[in-house]
Amino acid sequence: MTTIRVRLKDHPYLIHIKAGLRRRLPQLIGKYESGGKTIVLSDTRLRKLYPALFSTLQKRADTFCFFLPPGEKFKTMATVEKVVAFMLAKEFDRRSLLVAVGGGGLLGGVASAI
């Protein structure tokens, strides 16, 4: 597995890259939980391909999945606003964890920074 460490002063984080990593995703999320809520950001195409994965993730306490339409044309500020509004409605805070599955990492990074 390739791990990229993003070293930000106030909020460092890791990016994990590996084929088949989805099978270990519930365990990996557990490693990084810090008492806050978790949002899993993915797209509707992956939701259809891996329904068991997302069902397992949503069964975890304080874990929510947010699905976007696939494609670059949906990676907009309007979409970021939808993600942020969802996180605010669910009372996410600085302890919360955002996990991007299958892309959307930049959009998720913008949403989590806000």
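The values are calculated or read from the model by the stated rules, or taken from the named source; none is laboratory data. Remember, predicted model here, so these are calculated numbers, not experimental data. Cβ atoms come from the backbone with ideal geometry, glycine included; neighbour counts cover every protein chain shown. Side chains are part of the model used for accessible areas, which takes the heavy atoms of the whole protein and leaves out ligands, DNA and RNA. Shrake-Rupley method; radii C 1.70, N 1.55, O 1.52, S 1.80 Å.
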Would you pick out the residues in region 59-98 that are among the aromatic types (Phe, Trp, Tyr), at pLDDT 95 or above and open to solvent by 60 Å² or more (accessible area, probe 1.4 Å)? none
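Looking at LEU25, LEU68, LEU41, which is the one that is closer than 26 Å to LEU88 by Cβ and in contact with a Gly (Cβ under 6 Å, 6 or more places away or on another chain)?
Working: LEU25 fails: in contact with a Gly (Cβ under 6 Å, 6 or more places away or on another chain); LEU68 fails: in contact with a Gly (Cβ under 6 Å, 6 or more places away or on another chain).
Answer to the selection: LEU41.
What number of residues in region 25-51 are open to solvent by 90 Å² or more (accessible area, probe 1.4 Å) and within 16 Å of LEU98 (Cα to Cα)? It would help to see each step written out before you state the result.
Of all residues in region 25-51, those open to solvent by 90 Å² or more (accessible area, probe 1.4 Å) come to 27, 31, 45, 47-49.
With within 16 Å of LEU98 (Cα to Cα) added as a condition, the list becomes 27, 31.
Count: 2.
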Of everything in region 91-114, what is touching a strand residue (DSSP E or B) at 6+ places or on another chain (Cβ under 6 Å) and at negative phi? Give them in sequence order. LEU97, LEU98, VAL99, ALA100, VAL101, GLY108, SER112
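Here is a check on your reading of the model: is THR56 of a type outside the set (A, V, I, L, M, F, W, C), open to solvent by 50 Å² or more (accessible area, probe 1.4 Å) and at pLDDT 85 or above?
Values: of a type outside the set (A, V, I, L, M, F, W, C): yes; open to solvent by 50 Å² or more (accessible area, probe 1.4 Å): yes; at pLDDT 85 or above: yes.
Here the answer is yes, as THR56 does meet what is asked.
If you scan region 4-24, which residues turn out to be open to solvent by less than 70 Å² (accessible area, probe 1.4 Å) and of a type in the set (A, V, I, L, M)?
Residues of region 4-24 that are open to solvent by less than 70 Å² (accessible area, probe 1.4 Å), as a first pass: 6, 14-16, 20-21.
Correct list: VAL6, LEU14, ILE15, LEU21.
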Output for region 25-53, where each listed residue is modelled with pLDDT of 90 or more and of a type in the set (D, E, K, R): LYS37, ASP43, ARG45, ARG47, LYS48
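Within region 16-114, considering only helices (runs of 4 or more DSSP H) that don't extend past its boundaries, which have at least 1 residues that are closer than 23 Å to THR2 by Cα and either more than 13 Å from the chain's Cα centre (by Cα) or free of Cβ contacts under 8 Å to residues at least 60 places away in the same chain (or both)?
Numbers: elements: 25-32, 44-49, 51-58, 77-89, 105-113.
Here the list reads 25-32, 44-49, 51-58, 105-113.
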